[in-house]
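Have a look at the structure below, then the notes.
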Amino acid sequence: MTPAAMKSARCSKFPDLAMFLAVLAVVSAVIAAYFGPFIDNFFTYDDFGVIEHVLSGPKAVLLGYNYILRIVANGVWVPLHYFSGLDPRGYNLFSITLHLLNALLVYLMVTRLFSDRMLAAVTAAFFAATAVGVDAILWRAANSTPLNLFFYLLTLTVYVEYRRNGNRGYYFAAIALFVFAVLSKEESASLPLVAALFEVLFFGGFSDFKGIVRRLLPFVAIVIANVVANYIIIYQILHVDSELVRHSSFRPLHSLFSGWAVFFLQPDGRLKMNDPRIYATAVILPILLFWVKDRRLMLFGLGWIFLSFLPQSLSSLSQFEPKYIFNSVSRHMYLPSVGAAFCYAVVLKDVWTRWGRLVGTISVAIVFSLFVWHNHGMMMTRGTAWAADGEPVRTFLAALKTKVTQFPPNTWFFAVNGPTGRAYMQQSLRAFYGNPTITWIVDPMKYVQQPGQTAILMDVTWLETDRIDHIDIVPFSLEELMRRAR
C-alpha cells in the first residue's frame, strides 16, 4: 500500500472511531441518568427463585426457573452469584451493562447494513433512551431478555457481514452465535424472520428465493431443535410442567396489533382501548411510510417490530392489564423497541436529506431532547415502583437476620404481615439463609407438625413500608395464629 493510500485509510477510519465514541458517550450518559438512581434496587419476585436454584446446584440452574431450558441465560447467574452474592448491585449492573452493549450493537448492525453512520447513531441513541421496555433491565430475573438481544444483534451483524463480503466464516459464526441467542430466550425464534426481511429488502429481494431458504434453513432448524429438546427433556424425561407451555396463548389480534404499542406504551404496560395514542399511531405510521423517500427503510423498522414481537405475543404474560408488576407487557417490548428506534431515525434522516444538514441537526437535537425528557420521567416512575416492591423485603430480611442467624433444617413457617406473597417469602428465606428446606405452611388449618420438623410463626409489626418495629418468632400453633390474626 502506498503512503497516500495508507493516509487515506487512516482518515477514513477516524470518522468511524469518532462517531462510535460519540455514540458511546451519548448512550452512556442517557443510561446512567435512567438507571443510576436504581442501581441499588433490591431483589423482587422470581429473583429469589433464581438465586435459590444457584444454591441448589448445576442441574437446577440449567433447568431454570419453572423449567425453561434457557441454558445460557440461566448459567450467567452462577458467576453473578459468585461475585455479587446477595448484593443486588452486581446483578443490576450486569443488566445495565447489557443495555449499553446492546445500544452499541444496534449502532454497529445498522452501520454494517446501510453504511450510514448518522442513521446508525440516531437509532442507537433512541433505543438507549426509550423507556417502554425498561422492565427487562429493572427486573433481574428478566435479564434473559437483554442477554438474548445481545446475541441476537451479534448474530445479525455477523450475518450482514457475511452477505456483504461472502466470507463463509462469518456465516458459520452467525449460526454459532444464534445458538447462544436461542439458549438465552425463546423470542430469538424471530431472528430467521428478521434475517429474511434483510434479504428481501436489501439483498436482492425474491430473485434468489432458493438462496434465501438455503441460507436461513440452519437458523430455522436450530429453533425447531430447541423446541423438540425442550419437549423431550421437560415432558418425556423429567415429567414436569413448563411455564413456557403453561403460559402459552394464541391471541391473533394481540399478535397482529399489540406490537405497535412500542411507539407510545407506558413502561407499566397499561393500555386502554380509549387511549387516543392508539388511533394517532394508526394514522401517523402510514403517512410516514409514504412520506419518507426510501420506503424500504421504514418497512424494515416496522417489519422488525411486528416480527420480533410475534413469538412473544404467544405468551399470556404479555398483558396490558397486568395483575402483578412482573406480568406487564413492558419487557416483551424490549426487542421490538429496536425497530421503533430505527423508525424515528429514518424520519429524522429524511428531514436531514430534504432540508439540509443544519435543519437536520437541529431537528435531531430537539426531538431527541424531548424524547429523553419524556422517557426519563416515565423511567423514574417505573424504577421507583420496582424499588418500592423490593424495599419491604430488604427491610424484613435485614431485621430477621439480626434476630435469627440461621434456621434449622426442615423449618416450616407461617408469617403474619409478611413483606410479600408466600411463594416469594419462601424463596427469599431459602436464598438468603442458604437453606433449601425452609417451607411455607400453605394451609395452617390443616398443618400437623411431623417428626424432625421445626414449625414457627412469624409476626411482623411494621411502622412504615420500609421500617419494622419488631418481629416475633414463636412456635407455630393454630391457637397462637388465631390470637395474633385478631
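Tabulated results
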read-out: Residues of the range 206-221 classified as open to solvent by 30 Å² or more (accessible area, probe 1.4 Å) and either of a type outside the set (S, T, N, Q) or under 13 Å from THR155 (Cβ atoms) (or both), total; value: 10
read-out: Residues within the range 290-312 that are over 22 Å from HIS332 (Cα atoms), part of a helix (DSSP H, G or I) and either modelled with pLDDT under 90 or open to solvent by 40 Å² or more (accessible area, probe 1.4 Å) (or both), tallied; value: 4
read-out: Subset of the range 433-472 (residues that are at pLDDT 90 or above, part of a strand (DSSP E or B) and open to solvent by 40 Å² or more (accessible area, probe 1.4 Å)); value: THR454
read-out: Those residues of the range 399-419 which are under 18 Å from LEU481 (Cα atoms) and hydroxyl-bearing (Ser, Thr, Tyr), in sequence order; value: THR411
read-out: Hits in the range 156-205 - residues which are open to solvent by 30 Å² or more (accessible area, probe 1.4 Å) and aromatic (Phe, Trp, Tyr); value: TYR170, PHE172, PHE180, PHE202, PHE203
read-out: Number of the condition not met by ILE31 [criteria: (1) farther than 20 Å from SER188 by Cβ; (2) part of a helix (DSSP H, G or I); (3) open to solvent by 20 Å² or more (accessible area, probe 1.4 Å); (4) modelled with pLDDT of 85 or more]; value: (3)
read-out: Any pair with Cβ under 9 angstrom, 6 or more apart, that starts in the range 366-395 at a residue that is farther than 27 Å from ALA423 by Cβ and ends at one that is assigned to a helix (DSSP H, G or I) and open to solvent by 40 Å² or more (accessible area, probe 1.4 Å); value: VAL367/TYR344; PHE368/VAL26; PHE368/TYR344; PHE371/TYR344; VAL372/ALA33; HIS376/ALA33; MET379/ALA33; MET380/PRO37
read-out: Residue selected from the range 75-110 under the condition polar (S, T, N, Q) and free of Cβ contacts under 8 Å to residues at least 24 places away in the same chain, by the criterion most open to solvent (accessible area, probe 1.4 Å); value: THR97
read-out: Identity of the residue in the range 136-155, open to solvent by less than 10 Å² (accessible area, probe 1.4 Å) and more than 10 Å from the chain's Cα centre (by Cα), that ends up nearest to ASN74 (Cα to Cα); value: TYR152
read-out: Filtered residues of the range 396-408 (kept if in contact (Cβ under 8 Å) with a residue 40 or more places away in the chain and either assigned to a helix (DSSP H, G or I) or open to solvent by 20 Å² or more (accessible area, probe 1.4 Å) (or both)); value: PHE396, ALA399, LEU400, LYS403, VAL404, PRO408
read-out: Residue within the range 349-358 that is of a type in the set (Gly, Ala, Ser) and more than 30 Å from ALA485 (Cα to Cα) present; value: yes
read-out: Single unsatisfied condition, SER369 versus (1) of a type in the set (S, T, N, Q); (2) out of contact with any helix residue (DSSP H, G or I) (no Cβ under 9 Å at 6 or more places or on another chain); (3) farther than 30 Å from ASN41 by Cβ; value: (3)
read-out: Filtered residues of the range 264-289 (kept if part of a loop (DSSP other than H, G, I, E, B) and either farther than 26 Å from HIS376 by Cα or acidic (Asp, Glu) (or both)); value: ASP268, ASP275
read-out: Pairs, first under 19 Å from PHE198 (Cα atoms) and open to solvent by less than 10 Å² (accessible area, probe 1.4 Å) in the range 112-135, second modelled with pLDDT under 95 and among the aromatic types (Phe, Trp, Tyr), C-beta under 7 Å, six or more apart; value: none
read-out: Positions within the range 34-55 being touching a residue at least 40 places away in the same chain (Cβ under 8 Å), closer than 13 Å to GLY383 by Cα and assigned to a helix (DSSP H, G or I), in sequence order; value: TYR34, PHE35, PRO37, PHE38
read-out: Search result, residues across the range 313-346 that are over 14 Å from TRP260 (Cβ atoms), β-branched (Val, Ile, Thr) and modelled with pLDDT under 90; value: ILE325
read-out: Answer from THR361, THR353 - the residue that is surrounded by fewer than 18 Cβ atoms within 10 Å (Cβ to Cβ) and under 20 Å from PHE300 (Cβ atoms); value: THR353
read-out: Residue tally, condition touching a helix residue (DSSP H, G or I) at 6+ places or on another chain (Cβ under 8 Å) and without any contact (Cβ under 8 Å) to a residue 60 or more places away in the chain, over the range 310-331; value: 1
read-out: Helices (runs of 4 or more DSSP H) contained entirely in the range 123-238, each with at least 3 residues that are aromatic (Phe, Trp, Tyr); value: 144-165, 168-182
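The values are calculated or read from the model by the stated rules, or taken from the named source; none is laboratory data. All figures in this text were calculated on a predicted structure; none of them were measured in a lab. Using ideal geometry, Cβ is built from the backbone for each residue, glycine included, and neighbour counts are taken over all protein chains shown. SASA here: full protein model, heavy atoms, side chains in, ligands and nucleic acids out. Shrake-Rupley method; radii C 1.70, N 1.55, O 1.52, S 1.80 Å.
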